[in-house]
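Have a look at the structure below, then the notes.
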Amino acid sequence: MSNIKLTQKDELNLSGTFLKSLSLLEQAHRRLHDVVKDDLERHGERNLTGVQALLIYEIGETETPASVLRARGAFAGTSLSYNVKKLQEAGYLVHKRSKSDKRTIHLSLTERGHKVRERVTHLFDRQALSLEPTASVRHDDLDQFNRTVSRLERFWSDQIRYQL
């Protein structure tokens, strides 16, 4: 623990910077949904939200338990249930109950779902290659960002786990 005492001005500055960071994270996450949806619409896929397309992407190439998606923290329970139902009804994925544990639901993509996943993968690959020349975001910038966001996530998990 550090014994450094912050002045009231420094505390306000830190608080403001922290709140700005939270706002930027939220805005970036919403914009990601918009970018994914826009790319899909440009390629003729108009039935999905950005959230649903990212859920398809997260399910991946193999069968994935719904609990794994929930544990990754990307989808709240009610949002996950709702979107799984909608994606199943639209023919993007199938779900089945585990034979050994009836509470566990396994999700897998249909051919239509795999096509959407390929589209999102292509989008991410294309964006990764254009980050530096277009947005001046270098590999080491992303490394630092990933370290910082990982530490924030661990900090928030500890707040819950240890009731800090």
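Read-outs: derived from the displayed coordinates by stated rules, not from any lab. Owing to the predicted nature of the structure, the values given are computational and were not obtained by experimental measurement. Cβ atoms come from the backbone with ideal geometry, glycine included; neighbour counts cover every protein chain shown.
Restricting attention to region 72-103, the residues being surrounded by 14 or more Cβ atoms within 10 Å (Cβ to Cβ) and not in a helix (DSSP H, G or I) number 7. The residues in region 101-145 that are without any contact (Cβ under 8 Å) to a residue 60 or more places away in the chain, within 13 Å of E61 (Cα to Cα) and among the aliphatic types (A, V, I, L, M) can be counted, and the count is 2. The residue list H43, H33, H106 contains one member that is of a type outside the set (D, E) and closer than 22 Å to N146 by Cβ, which is H33.
Taken together, the criteria place V36 among residues that are crowded, with 19+ Cβ neighbours inside 10 Å and either in contact with a helix residue (DSSP H, G or I) (Cβ under 6 Å, 6 or more places away or on another chain) or not hydrophobic (A, V, I, L, M, F, W, C) (or both).
The single residue among V149, V137 that is over 17 Å from the mean Cα position of the chain (by Cα), closer than 27 Å to F18 by Cα and surrounded by 12 or more Cβ atoms within 10 Å (Cβ to Cβ) turns out to be V137. When you look at L69, is it part of a helix (DSSP H, G or I), surrounded by 16 or more Cβ atoms within 10 Å (Cβ to Cβ), under 12 Å from the mean Cα position of the chain (by Cα) and without any contact (Cβ under 8 Å) to a residue 60 or more places away in the chain, yes or no? Yes; evaluated as a whole, the condition is true for this residue. Going residue by residue through region 108-115, is there one that turns out to be on the phi < 0 side of the Ramachandran plot, exposed (fewer than 11 other Cβ atoms within 10 Å of the Cβ) and not in a strand (DSSP E or B)? Looking for residues that are on the phi < 0 side of the Ramachandran plot, exposed (fewer than 11 other Cβ atoms within 10 Å of the Cβ) and not in a strand (DSSP E or B), one finds at least one in region 108-115, hence yes. Between N146, N83, the distinction of being under 27 Å from R46 (Cα atoms) and out of contact with any strand residue (DSSP E or B) (no Cβ under 9 Å at 6 or more places or on another chain) belongs to N83 only. Would you check if L48 is of a type outside the set (D, E, K, R), assigned to a loop (DSSP other than H, G, I, E, B) and in contact with a Lys or Arg (Cβ under 8 Å, 6 or more places away or on another chain)? When the stated conditions are applied, L48 passes them.
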